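J.: Before we start, here is the structure in question, set down as structure tokens.
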Amino acid sequence: MNLYSQPGHIDQIKQTNAGVVYRLIDLYGPISRIELSKRAQLAPASITKIVREMLDAHLVQETEFQDPGSRGRPAIGLILDTLAWHFLAIRIQPGQITLTLRDLSTRAIQEDRLPLLATPEKPLLQTLQDIVNDFFIRHQSKLERLTAIAITLPGLINAASGVVHRMPGYDVEEMPLGETLAQRTGLPVFVQHDISAWTLAEALFGASGGAQNVIQIVIDETVGAGVISGGQLLHKNGRTLVEIGHTQIDPYGQQCYCGNNGCLETVASTGSLLNLTAQRLPSQPESLLHDAPLTIASLCSAAQQGDRLARDVIAGVGHHIGRMLAMMVNIFNPQQILIGSPLNQASDVLFPAVSSTIRQQALPAYSREIQLTPTAFNDPGTFGGAALIKDALYSGSLLVKLLQG
């Protein structure tokens, strides 16, 4: 990803340069200082200063390596020192919370999955504080140098302030999650919408690595999207989400919980898909779906076996998604479109429907070469949080805090 920025003052320049150097060592290590200078387009003296600070902070280490094509003595290269640096990645879902202690290579050290119940006796914010505190106490023997906390969750979120305005399944209103946990733990706290974080995880660890312009669609209980534009996650530092689930598809359609009629979510979410299938099933006595409980897994299995009803309803979702994507393609001109969905089990039905609709309705110059790809993660878990930490290191915003101690 291109995480360079346009610095406005000397501190921002230092932050950006440090992030660039850290990123290059991560991607190409072991790498020599000379090669770092070339790739970062920074003077050797600047590289020497930045590397010295990172060595002193134990964020990088030197190692011998054989330069390709060289028969001489091994060169001295730089690699990241990640094992002794830990962070906590948290994913909040309706009814469940996952906490994963990871090192800076994103390797999982400890993961706990716990129920997250909504109770009138205790506010959700207090519950979350207690869960984090208990996790640290429970696994104290495994903790090294803690760097940060990263939290991903659904809802209406201001990523810059860490405030959760609304959250499905819980009585939440203007919850200062980031600030409260930062004060409680003394750590930097990053908060992001789970779909946006998933999109970033795919760019850093998954199916869209190296692509500068990507659209990711998630089709599940809700329908949402994330966008990488110019190598950056769109709206990553604000309260805005690429909201497609509540875009009207049919003005005479079913009423959505948002109050509108015929939103994309009412025709393309997995719940609406199962409801539609159940309505049509009595008129399809030959369908394989009569032989098992109706689930997304059984629906996809039937579609792969050629069941007409199953294939029709999945293709219908594909056409609805394709119409929305055609508009987004005309706006963002992406290199790649990712689809994250349990419906990927029947990708041979879903993907052609999406692709054909895009090509029919988007500008040919934009849609002709687009790659349609399943996400690498079927479920990102806490890799969304890991992506937020990696992104903050690459941009330098978290890195400078670690260098300063």
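The values are calculated or read from the model by the stated rules, or taken from the named source; none is laboratory data. Note that this is a predicted model, so its numbers are computed, not measured. Ideal geometry is used to build each Cβ from the backbone, glycine not excepted, and the neighbour counts take in all protein chains shown.
J.: When residues of the range 294-344 are filtered for being farther than 14 Å from residue 356 by Cβ, buried (at least 17 other Cβ atoms within 10 Å of the Cβ), hydrophobic (A, V, I, L, M, F, W, C) and in contact (Cβ under 8 Å) with a residue 24 or more places away in the chain, how many remain?
T.: Here the count works out to 13.
J.: Within the range 359-368, can one find any residue that is in contact with a strand residue (DSSP E or B) (Cβ under 9 Å, 6 or more places away or on another chain) and buried (at least 17 other Cβ atoms within 10 Å of the Cβ)?
T.: For the range 359-368, residues in contact with a strand residue (DSSP E or B) (Cβ under 9 Å, 6 or more places away or on another chain) and buried (at least 17 other Cβ atoms within 10 Å of the Cβ): absent.
J.: Report yes if residue 202 is modelled with pLDDT under 90 and either under 22 Å from residue 324 (Cβ atoms) or not in a helix (DSSP H, G or I) (or both), otherwise no.
T.: No.
J.: Can I ask one more? Out of the residues in the range 20-77 that are aromatic (Phe, Trp, Tyr) and part of a helix (DSSP H, G or I), state the one that is surrounded by the fewest Cβ atoms within 10 Å (Cβ to Cβ).
T.: Among them, the one singled out is 28.
Table: residues versus (1) among the polar types (S, T, N, Q); (2) more than 20 Å from residue 148 (Cα to Cα).
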{"site": "51", "(1), (2)": "no, yes"}
{"site": "92", "(1), (2)": "no, no"}
{"site": "101", "(1), (2)": "no, no"}
{"site": "114", "(1), (2)": "no, yes"}
{"site": "121", "(1), (2)": "no, yes"}
{"site": "125", "(1), (2)": "no, no"}
{"site": "129", "(1), (2)": "yes, no"}
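J.: So, one more: Residue under question is residue 121, and the condition is that it be outside any helix (DSSP H, G or I), surrounded by fewer than 16 Cβ atoms within 10 Å (Cβ to Cβ) and at pLDDT below 95; does it hold?
T.: Taking the combined requirement at face value, the residue satisfies it.
J.: Sort out which residues of the range 334-351 are out of contact with any strand residue (DSSP E or B) (no Cβ under 9 Å at 6 or more places or on another chain) and not acidic (Asp, Glu), and write them in order of number.
T.: Within the range 334-351, 345, 346, 349 qualify.
J.: Residues that are over 30 Å from residue 204 (Cβ atoms): which helices (runs of 4 or more DSSP H) entirely in the range 265-381 hold 3 or more of them?
T.: Output list reads 270-280, 296-304, 308-332, 347-361.
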